[in-house]
């Protein structure tokens, strides 16, 4: 019987071929990976050697040559940030050594833009370079402050235009506009008066039912007095709420007095808040 026609032998031969192909594929992938790493390692090694040359030229006092090599290295757009910082650093050092402080400040600002935590050793660094770096730090912080201040101001101050909050409840619009003291005062007064009106209305209804259920003149008279007192209290609470509501409406548009502007002062651990009521 022909062994090649045996299905078992064919499966065995196919398995051997498959394993060989798989091993070959894995080997090719491994070699490709090694080649890629070698390709990436070559530019990194070259950059390291150039950085070492820049540092060596600077330490030897060849400041112009160090500057030229550093500028040539910085032309590489794919330079990693860590290496770019080192190149900018020695470029700035070389410029300071050549009394080009203004240009050195610009390159130190560039370093801070890449790494805002960058610092120089105050012991190993010369005072001249430290003073230039201090100026660069000052300029960098001023630029960051000017960039962030408008956005922070916009986030801190809401839109001053009158909104739907004006008609919903007294004081809400003032609080939204940033006049927190007056806004919360009006809201509190509105809650108290409205709550009192609801309470007195409920008690008035109860007193009215008791008054109507009285079966003697004396009992009716005493119950009427209680009913009348709750009726007046309900009326006064409603009038107070409406007065606060109307005041809040006009104040939202015209900022009526009193102007509740808190002046906060702190002395040691004591905090004092003063409210100014203009006459």
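Only the coordinates and a few stated rules stand behind these numbers; no lab work does. Values in this document were obtained by computation on a predicted structure and should not be read as measured data. Cβ placement follows ideal geometry from the backbone for every residue including glycine, while neighbour counts extend to all protein chains displayed.
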Placing each pseudo-label 7 Å from Cα in the direction of the beta carbon, residue 124 and residue 212 end up separated by a distance in nanometres of 9.5
Need one number: convex hull volume per residue for the range 42-154, Cα atoms only, in Å³. 112
Quick check: Cα centre of the range 68-84 to Cα centre of the range 94-140, how many Å? 17
